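I have a structure here, written as structure tokens, and I will follow up with some questions on it.
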Amino acid sequence: MTEDQRLLSSNPQTSDFRRVFSHTGDWIAGQLSRVTASGELIPEIDGLRFLAIGAVVLHHLMSIYLPQTGRSLAPVHTPAEWSAAGGGSGLVAVAYAGHFGVNLFFAISGFILALPFAKRSFEGREAPSLKKYFWRRVTRIEPPYVICLLLFFLVQWLWKGQSLSFLLPHLFASLGYLHNLIYGYHSSINVVTWSLEIEIQFYVLVPLLVTVFKIKKSTLRRGLLLALIAFGGWFSQHVIYPSGETRLMLSLLNFFAYFLVGFLLADLYLHKWFARRHWLFDGLTLYALWAMLKVLTDAGQYYYSLPLLVLALYLGCFLGRLSNAFFRLRWVVITGGMCYTFYLYHIPLLSEMVAHTKQWLSVARPVVLDFSLLMLLVLPVLAVLCSVWFVVTEKPFMLWGTIPRKRASFDAMGD
């Protein structure tokens, strides 16, 4: 420490400022930190939620940016349309692949929901109460979901002037998690809720699926899960998508492999596979990210490999030194814990912000610079708005059915 640093650290005013700043940061972190049913928190899981929601937000921001700024004359959908609109920019390719963040969420859900069932099964105890399991799902997921749908419904009816005769059937279908099944396309109330309908299908089947943990021999159990994960990727690419049936594409049948990735990770986690970390697994993290980007932006020849690549990515994030350190960072974990609110509200918020900031953007700039400016303008605002709304509409419902910390354990229903 230099003489100037010693003087600075001994200055009472500087010390007081640091103390106030630290306490303020701790208070804000406390307000924004989520509450789990068990009282336990696995930092890496919320860190991975940060990765997933970051990918989804990047994807949708770019999909709004390209047509609104005139780089594309129409909404972009296919990798070729994205590449053409972005002039072949690598950033546009990364943003296109961001839609895969939803699949990353599915694997996290599989991990969280499998954990209490797997733990009890491995200990030879009875499974957690199904009544408590389903009640936790209702109290944790349902209230913010209903609030969001009703709010979006009112905005479309009262502000955008859409008719009740059109909106009400879509609202009721979405409230019942049946929009995908009834209409065969994303909800007209809130487009992102298609994935939540798939989550609900998985929640209902979890008590049946967790019987896999009754298989005593670990190599057989994990081998079965690994085979089902690989089969799920093949089934999605070679059966679901060639059928052209959108209801199948928007169903659990198309995504079950990702949930089973979470099952396998929960098995490994409970058997202390992630206790030690090594630099080599940081290489696995980077390889998995590169390979997923490559697969997602090509013609779809290797889509079947994606569930296995998600498994590789998550193994790298748990076992790599730098990867694990990043996903355990305080504000990465806190932001990831608010992902549900970010996910539900980010598209209309981003649309409005891009509409009001595009006057500062220019197609004359390289897309990397122009889009980076846009991110600097809108992402901090999105973070503040969603953080406040998380505290108001999501965190209060996290407290329902929680367990006192002195009794907390993974026997709870997960979160």
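For HIS186, which of the numbered conditions (1) farther than 30 Å from LEU399 by Cβ; (2) open to solvent by less than 20 Å² (accessible area, probe 1.4 Å); (3) in a loop (DSSP other than H, G, I, E, B) fails to hold?
Going through the list (1) farther than 30 Å from LEU399 by Cβ; (2) open to solvent by less than 20 Å² (accessible area, probe 1.4 Å); (3) in a loop (DSSP other than H, G, I, E, B), HIS186 breaks only (2).
Next up: If I filter the range 354-363 for residues that are open to solvent by 60 Å² or more (accessible area, probe 1.4 Å) and under 22 Å from TYR96 (Cα atoms), do I get at least one hit?
yes
Could you count how many residues in the range 279-302 are surrounded by fewer than 14 Cβ atoms within 10 Å (Cβ to Cβ) and hydrophobic (A, V, I, L, M, F, W, C)?
Final tally of qualifying residues: 4.
Need pairs with beta-carbon distance below 7 Å; first residue β-branched (Val, Ile, Thr) and within the range 293-317, second not in a helix (DSSP H, G or I); sequence gap 6+ or separate chains.
VAL295/TYR302
Of all residues in the range 230-261, count the ones that are among the aromatic types (Phe, Trp, Tyr) and under 20 Å from the mean Cα position of the chain (by Cα). Quick ask: steps written out before the conclusion?
Here is the first cut: in the range 230-261, the residues among the aromatic types (Phe, Trp, Tyr) are 231, 234-235, 241, 255-256, 258-259.
With under 20 Å from the mean Cα position of the chain (by Cα) added as a condition, the list becomes 255-256, 258-259.
Here the count works out to 4.
Just checking, does the range 250-264 include any residue being part of a helix (DSSP H, G or I), free of Cβ contacts under 8 Å to residues at least 24 places away in the same chain, open to solvent by 30 Å² or more (accessible area, probe 1.4 Å) and within 28 Å of LYS119 (Cα to Cα)?
The answer is yes, given that some residue of the range 250-264 is part of a helix (DSSP H, G or I), free of Cβ contacts under 8 Å to residues at least 24 places away in the same chain, open to solvent by 30 Å² or more (accessible area, probe 1.4 Å) and within 28 Å of LYS119 (Cα to Cα).
Okay, residues lined up against (1) touching a Cys at 6+ places or on another chain (Cβ under 6 Å); (2) open to solvent by 60 Å² or more (accessible area, probe 1.4 Å); (3) aliphatic (A, V, I, L, M); (4) farther than 23 Å from SER251 by Cβ:
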position	(1), (2), (3), (4)
VAL146	no, no, yes, no
LEU154	no, yes, yes, yes
LEU178	no, yes, yes, no
GLN201	no, yes, no, no
PRO207	no, no, no, no
VAL210	no, no, yes, no
ILE215	no, no, yes, yes
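Can you pull out the residues in the range 306-329 that are among the polar types (S, T, N, Q) and either crowded, with 22+ Cβ neighbours inside 10 Å or out of contact with any Asp or Glu (no Cβ under 9 Å at 6 or more places or on another chain) (or both)?
The one that is among the polar types (S, T, N, Q) and either crowded, with 22+ Cβ neighbours inside 10 Å or out of contact with any Asp or Glu (no Cβ under 9 Å at 6 or more places or on another chain) (or both): SER323.
Scanning for something out of contact with any helix residue (DSSP H, G or I) (no Cβ under 9 Å at 6 or more places or on another chain), surrounded by fewer than 22 Cβ atoms within 10 Å (Cβ to Cβ) and outside any helix (DSSP H, G or I), does the range 232-242 turn up at least one residue? Outline the logic, then answer.
Step one: filter the range 232-242 for residues out of contact with any helix residue (DSSP H, G or I) (no Cβ under 9 Å at 6 or more places or on another chain), giving 242.
Pick out the ones that are also surrounded by fewer than 22 Cβ atoms within 10 Å (Cβ to Cβ) and you get 242.
Adding the requirement that they be outside any helix (DSSP H, G or I) leaves none.
The answer is no, given that none of the residues of the range 232-242 is out of contact with any helix residue (DSSP H, G or I) (no Cβ under 9 Å at 6 or more places or on another chain), surrounded by fewer than 22 Cβ atoms within 10 Å (Cβ to Cβ) and outside any helix (DSSP H, G or I).
The values are calculated or read from the model by the stated rules, or taken from the named source; none is laboratory data. Keep in mind that this is a model prediction, so the values were computed, not measured. Glycine also receives a Cβ, built like all others from the backbone with ideal geometry; neighbour counts cover every protein chain displayed. In case anyone asks, the SASA skips ligands and DNA or RNA and just uses the protein heavy atoms, side chains included. Shrake-Rupley method; radii C 1.70, N 1.55, O 1.52, S 1.80 Å.
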